[in-house]
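The values are calculated or read from the model by the stated rules, or taken from the named source; none is laboratory data. Just so you know, these numbers come straight off a predicted model, no measurement behind them. Here Cβ is always computed from backbone atoms with ideal geometry, including for glycine, and neighbour counts include all displayed protein chains.
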Ligand code: NDP
């Protein structure tokens, strides 16, 4: 296998180039070195991709679920066989440590293709007996889907959208983030190698304008976006105009509540995982860490010691467990929030600066004495900045945890399981964890409430968002009429 994609777009089963599109340079965030030069999709390219996906609908939906599933499962196997090279490519494109990408990115994509490859054959409707008559439902694909991805989990996001869409018999045009254009192309290549008919899954590159062209095209039936809340609002509104289905996986400012009776080391581990994995660039991160006052001093002591053990450096070195930010822009945003945290009166426990390595590296940062109204406690930073807030009682902390426009995720640590379930029942969040954090297996639905999103990815729940029911009433009696 050629490691690098050979052109900018993948349409109709093959790589396609149009050098008249604006150039799009992919760089290795750790060094700034150019790793690929691509071009944004021109109108001709987006038209070609939409036409290919439109033309492929009939053949793909006519295949049986078993046939579709077999192709997805074969693609999962190929991804697993090539895990190492795909992980290296993902690390080069995103800057995330190879230690992470080797287990979290391509592997999650393969799990997803395997899962939906397995459920494809079991997608059926219902029989409904109505006295002498009966009705039945047919589960049909929505049609042509557009997938738009963020830059933090490029291959995983492409798989999380493509696998359920394709399992249900839809076709797709996918646009990765312009910052991480490479691995979605590899997914298209692998799906083709696995036997996917030409045009069923296509990839085009570009910025928001390309995404917008795709979303507004009348041939498109469904839009699935992973991105920020402001982009989500725009894309949802554009999709609504065309009465299209949507899945919106958006941002968050999730609470992680740690009670006095929590297992201290596990709680610290969860706070580290939920703030510093992928250098903090994860939508479901528990960035508001509420710690009960009795355990707070011990928690801060262990958190500081363990955070200062982070191995920051070359993401391609498997010993590194904390890499650079994806871009200068994301670094600047994060440093800006750290400055605000200091100015608004929070206390730095550790970190707080660009790292001595230079480049796009930043120190994993912990603030304490954070209050609910501070910017670092209200706004999504999408960088390695943890806010620790203290609390006294369960009722108080639950009200504060829910006092946000977001509702993506939430977690609770306690050894009192009754309390754990009670707190989870009170969370205004789509995805919750008890005594762990940020685990997102394919078998569990994932998604947000409030401004954090609409719809669910993964598990059986995703089937509802990539298919629709046709109801058929079968009359077996004589037809009566009033006159
Ligand atoms: P953005 O919202 O900036 O972009 C998301 C995608 O939408 C990109 O591909 C972008 O293109 C595209 N886009 C931008 N404007 C439009 C438009 N008007 N029409 C169509 N498409 C458009 O998000 P980021 O890429 O910066 O990702 C970070 C955000 O994603 C965070 O808020 C994070 O919380 C969220 N996220 C949510 C996840 C979830 O599952 N809930 C998972 C991962 C991240 P381009 O950037 O190339 O211009």
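Are there strands (runs of 3 or more DSSP E) fully within region 185-265 with at least 1 residues that are crowded, with 23+ Cβ neighbours inside 10 Å and more than 15 Å from the ligand (Cβ to nearest atom)? List them. Give the derivation first.
Details: elements: 201-203, 222-226, 245-249, 255-258.
Passing ranges, in order: 201-203, 255-258.
Within region 146-175, take every residue that is part of a loop (DSSP other than H, G, I, E, B) and touching a strand residue (DSSP E or B) at 6+ places or on another chain (Cβ under 7 Å) and give me the one that is nearest to residue 122 (Cα to Cα).
Going through region 146-175, the residues part of a loop (DSSP other than H, G, I, E, B) turn out to be 149-153, 168-170.
Still in the list and also touching a strand residue (DSSP E or B) at 6+ places or on another chain (Cβ under 7 Å): 149-150, 168-170.
Numbers: 149: 28, 150: 31, 168: 10, 169: 13, 170: 16 Å.
If we take residues in region 146-175 being part of a loop (DSSP other than H, G, I, E, B) and touching a strand residue (DSSP E or B) at 6+ places or on another chain (Cβ under 7 Å), then 168 is nearest to residue 122 (Cα to Cα).
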> Within the group 398, 360, which residue is at pLDDT 95 or above, more than 30 Å from residue 95 (Cα to Cα) and either in contact with a helix residue (DSSP H, G or I) (Cβ under 8 Å, 6 or more places away or on another chain) or part of a loop (DSSP other than H, G, I, E, B) (or both)?
Replying inline: 398
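Any residue that is away from the ligand (no atom under 16 Å from the Cβ), in a helix (DSSP H, G or I) and closer than 30 Å to residue 324 by Cα - is there at least one of those in region 118-136? Give the steps one after another, and end with the answer.
The first filter runs over region 118-136 and keeps only residues away from the ligand (no atom under 16 Å from the Cβ), leaving 118-136.
Still in the list and also in a helix (DSSP H, G or I): 118-122.
Now narrow it down to the ones that are closer than 30 Å to residue 324 by Cα: none.
No, region 118-136 contains no residue that is away from the ligand (no atom under 16 Å from the Cβ), in a helix (DSSP H, G or I) and closer than 30 Å to residue 324 by Cα.
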>> Out of the residues in region 433-464 meeting the condition of being within 13 Å of the ligand (Cβ to nearest atom), touching a strand residue (DSSP E or B) at 6+ places or on another chain (Cβ under 9 Å) and not in a loop (DSSP other than H, G, I, E, B), tell me which one is farthest from residue 165 (Cα to Cα).
In response: 452
> Residues of region 399-413 being surrounded by fewer than 23 Cβ atoms within 10 Å (Cβ to Cβ) and over 21 Å from the mean Cα position of the chain (by Cα), which ones?
Replying inline: 399, 400, 402, 403
> With respect to the numbered conditions (1) closer than 24 Å to residue 95 by Cα; (2) out of contact with any helix residue (DSSP H, G or I) (no Cβ under 9 Å at 6 or more places or on another chain), which one is the sole condition not fulfilled by residue 342?
Replying inline: (1)
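So, restricting to helices (runs of 4 or more DSSP H) that lie completely within region 35-100, which ones have at least 1 residues that are in contact with a strand residue (DSSP E or B) (Cβ under 8 Å, 6 or more places away or on another chain) and over 15 Å from residue 166 (Cα atoms)? Break it down into steps so the answer makes sense when it comes.
Details: elements: 43-62, 65-81, 83-94.
Once the helices (runs of 4 or more DSSP H) in region 35-100 are filtered for at least 1 residues that are in contact with a strand residue (DSSP E or B) (Cβ under 8 Å, 6 or more places away or on another chain) and over 15 Å from residue 166 (Cα atoms), what remains is 43-62, 83-94.
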>> Checking the condition more than 16 Å from the ligand (Cβ to nearest atom), surrounded by fewer than 24 Cβ atoms within 10 Å (Cβ to Cβ) and within 27 Å of the chain's Cα centre (by Cα), which residue from 305, 310 passes?
In response: 310
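Out of 315, 324, report the one residue that is out of contact with any helix residue (DSSP H, G or I) (no Cβ under 6 Å at 6 or more places or on another chain) and away from the ligand (no atom under 14 Å from the Cβ).
On the way: 315 fails: out of contact with any helix residue (DSSP H, G or I) (no Cβ under 6 Å at 6 or more places or on another chain).
Criteria check complete, one pass: 324.
What are the residues in region 309-337 that are in a helix (DSSP H, G or I) and under 16 Å from residue 356 (Cβ atoms), if any? Talk me through it step by step, then tell me what you get.
At the first step, the residues of region 309-337 found to be in a helix (DSSP H, G or I) are 328-337.
Within region 309-337, 331, 335 qualify.
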> Consider residue 118 against the criteria (1) closer than 21 Å to residue 189 by Cβ; (2) in contact with a helix residue (DSSP H, G or I) (Cβ under 9 Å, 6 or more places away or on another chain): it satisfies all of them except one. Which criterion is unmet?
Replying inline: (1)
